[in-house]
1. Which condition number in (1) of a type in the set (D, E, K, R); (2) touching a residue at least 60 places away in the same chain (Cβ under 8 Å); (3) under 28 Å from Q218 (Cα atoms) is the one that R269 fails?
2. Out of the residues in the range 314-351 that are of a type in the set (A, V, I, L, M, F, W, C), within 21 Å of the chain's Cα centre (by Cα) and buried (at least 21 other Cβ atoms within 10 Å of the Cβ), state the one that is nearest to L368 (Cα to Cα).
3. How many residues does the range 251-286 contain that are closer than 19 Å to A100 by Cα, small (G, A, S) and surrounded by fewer than 23 Cβ atoms within 10 Å (Cβ to Cβ)?
4. Which pairs have Cβ atoms under 7 Å, sit 6 or more apart or on different chains, and link a residue in the range 337-363 that is farther than 17 Å from A246 by Cβ to one that is surrounded by 16 or more Cβ atoms within 10 Å (Cβ to Cβ) and among the polar types (S, T, N, Q)?
5. I'd like the residue in the range 217-250 that is hydrophobic (A, V, I, L, M, F, W, C) and within 16 Å of M168 (Cβ to Cβ) and, out of all such residues, is surrounded by the most Cβ atoms within 10 Å (Cβ to Cβ).
6. Look at the range 114-164 and say how many of its residues are at pLDDT 95 or above, within 22 Å of N267 (Cβ to Cβ) and acidic (D, E).
7. Taking R366 as the residue in question, decide whether it is free of Cβ contacts under 8 Å to residues at least 60 places away in the same chain, among the charged types (D, E, K, R) and part of a helix (DSSP H, G or I).
8. Name the single residue that is farthest from the chain's Cα centre (by Cα) among those in the range 404-434 being among the polar types (S, T, N, Q), part of a loop (DSSP other than H, G, I, E, B) and under 24 Å from D306 (Cα atoms).
Amino acid sequence: MVTISHSVREMRDMCGPFQRARRLVRRCTWILSLPAAIGLVGCDTILDVELPGRIPAEQIDDPALASILAQSVIGDLECAYNNYVMGAAVHSDEFEGAIANLSAIQWSHRNVTEATLEYVSGTCETTDGFFPGGMHVPMQTARFLSENVFERLEGWTDAQVANRSALMATVRAYGGYTYTFFGETYCSIAFDGGPVQQPAAALGVAEQRFAEAMSLAQGAGATDILNMAGVGMARVKMNLKKWAQAAAAAAPVPAGFRKDATRSAANPRRYNRLFLGGIQNGYYVIAQAYRTINDPRVPVADRGRDAATAGVRLWVTTKYPALESPIRFASYEEAQLIRAEALAEQGDVAGAMTILNNRRTALGLRALSAGSQAEAVSHVIEERRKELSFEGGHRLTDLIRKSIPWKIGSSPTMQNPYGAVTCWPLPTQERSGA
């Protein structure tokens, strides 16, 4: 029986706290996360696993492990995504810090730097709700693992690996999202010891990865992955302002499609971090601008008690009621909003407003109207703020790409001044090669 660890921390500890993901994987015994595989398989398949454990490096080239490797890519990306969603929500205008802890204040008042320890090297296992969790190491680990596993799958044959094309599509789709997140919210980025690049370079790689994923998924009949990659492709095209292509990528995503990142209360690595830090520990509260929105897509509540700091009211989102609450990853609703923005940016105001109002009517909300292209685009961004609230890093992305004014002055919650950080800084260790 093959056993797999779900602790990337061991990988970091063995290899040094500031090694790049490339070095982490190549220098160490393969230690792969597999939370996504739990509960998905029976007891008589290759996916029979017990946690924790390790795959020795000499066994990693065994094609019999192909399904396990693909599931490990999902597990590492879901780990990184959990931290990314929380970090983005706190850094943007969705949350406010509610504890007088230096690191927590850095996160929630835009003072994180390229040397902030938790931001650079924190892991998914961090249970201290002061921190959204590590951003950089988990995402780079997930990105590198996706590339490495894809290369292995590519080198095997259909005779060796059942459903190889579907596995390759899955690995490419999840890997594409890592590049998307880097391209959307980082100020600059570097991969595998390469040069520092602008965020658009990461988005360019994401385009390629999603194109491959969609082609492979279509050939394999992997509809779920095809739709997931389609949403990702539309998201990348939107960020690159390729409006016609964005609309085309979003259009085929069917109504009702939703892809979640699973969470679990069984292991700290898989806790829903928004529940942990926001509701359970009360270290962050919903920002005041989100407390009075009368819209079912922005579920917030006053818990009737103080947050971590006495005198600070605990306002929470009820979108995630438990540690095991899943976080939406890609959906029809997101695809439609991308399509609406693309139409508006191309001058089709009526088409954009029809998409927005179809959704609003279904929710029992009044219809919107737009007298100009600029007004239509503004409506789309506001609808994104509501529909995609507290998930996916969407609000942070919109603040950056649309140059929306950031909060200035001091936090109304803790009276701490906001910093000047907008996009995520590239860690010093990536620049220096340390």
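1. (3)
2. Top of the filtered list is L337.
3. Looking only at that region, the number is 1.
4. R359/Q336
5. Applying the first criterion (hydrophobic (A, V, I, L, M, F, W, C)) to the range 217-250 yields 217, 220, 222, 225-226, 228-229, 231, 233-234, 236, 238, 240, 243-244, 246-250.
Adding the requirement that they be within 16 Å of M168 (Cβ to Cβ) leaves 217, 220, 222, 225-226, 228-229.
On the way: A217: 25, A220: 18, A222: 23, I225: 25, L226: 22, M228: 28, A229: 31.
Here the answer is A229.
6. So the count comes out to 0.
7. On the way: free of Cβ contacts under 8 Å to residues at least 60 places away in the same chain: yes; among the charged types (D, E, K, R): yes; part of a helix (DSSP H, G or I): no.
No: the conditions fail for R366.
8. The first filter runs over the range 404-434 and keeps only residues among the polar types (S, T, N, Q), leaving 410-411, 413, 415-416, 422, 428-429, 432.
Remaining after also requiring part of a loop (DSSP other than H, G, I, E, B): 411, 413, 415-416, 422.
This time we only want the ones that are under 24 Å from D306 (Cα atoms), so: 411, 413, 415-416.
On the way: S411: 26, T413: 26, Q415: 29, N416: 28 Å.
Among those that are among the polar types (S, T, N, Q), part of a loop (DSSP other than H, G, I, E, B) and under 24 Å from D306 (Cα atoms), it is Q415.
The values are calculated or read from the model by the stated rules, or taken from the named source; none is laboratory data. Source: prediction; values computed, not measured. Cβ coordinates were reconstructed from backbone atoms using ideal geometry, including for glycine residues, and neighbour counts include every protein chain displayed.
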